[in-house]
Amino acid sequence: MTTSERLVFLGDSPGSGAEHKSQVYKGQHIPAGGCSGEVRRKLGPGMNQRLAEDIDDASYNQSLANPKLLSAFAQWSACMKKDGYSLSSPAQAPGCNRLRRLPRSRWPRRT
């Protein structure tokens, strides 16, 4: 995230690095706490901040029961094995964002 993006997203929130900077970006006033602060005020304190990630995770986990996906993963894994890699799914590939987000205990097992 760039400094400007952080300023707009977090505004003057503690730890944003912009606590003492101008709260204007491209001529527009940045609300207290940035855009994320404005969303919290509008949606209220009961907002589930992980809702989108929870839906994404649930959808991904549900997709793992799809035989077509499992077949595609098996084909992908076989292709990777030809090049010397032992991975059972693309989620195991280095740099996979989904893999980095999950606790290590939930990582797919190597073949």
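What number of residues within region 65-91 satisfy the criterion of being of a type outside the set (S, T, Y) and in a loop (DSSP other than H, G, I, E, B)?
The total comes to 5.
Scanning for something surrounded by fewer than 11 Cβ atoms within 10 Å (Cβ to Cβ), modelled with pLDDT of 80 or more and either part of a loop (DSSP other than H, G, I, E, B) or hydroxyl-bearing (S, T, Y) (or both), does region 19-30 turn up at least one residue?
Among the residues of region 19-30, at least one is surrounded by fewer than 11 Cβ atoms within 10 Å (Cβ to Cβ), modelled with pLDDT of 80 or more and either part of a loop (DSSP other than H, G, I, E, B) or hydroxyl-bearing (S, T, Y) (or both), which makes the answer yes.
Just give me the residues in region 37-64 being assigned to a loop (DSSP other than H, G, I, E, B) and either in contact with a Pro (Cβ under 8 Å, 6 or more places away or on another chain) or more than 17 Å from A91 (Cβ to Cβ) (or both), in sequence order.
G44, P45, G46, M47, N48, Q49, R50 - these are the residues of region 37-64 that are assigned to a loop (DSSP other than H, G, I, E, B) and either in contact with a Pro (Cβ under 8 Å, 6 or more places away or on another chain) or more than 17 Å from A91 (Cβ to Cβ) (or both).
Output the number of the condition that C96 fails; it satisfies all remaining conditions of (1) surrounded by 10 or more Cβ atoms within 10 Å (Cβ to Cβ); (2) at pLDDT below 80; (3) within 23 Å of E5 (Cα to Cα).
Condition not satisfied by C96: (3).
The values are calculated or read from the model by the stated rules, or taken from the named source; none is laboratory data. No experiment lies behind these values; they were computed from the predicted model shown. Heads up, the Cβs are rebuilt from the backbone with ideal geometry, glycines too, and the neighbour counts pull from every protein chain shown.
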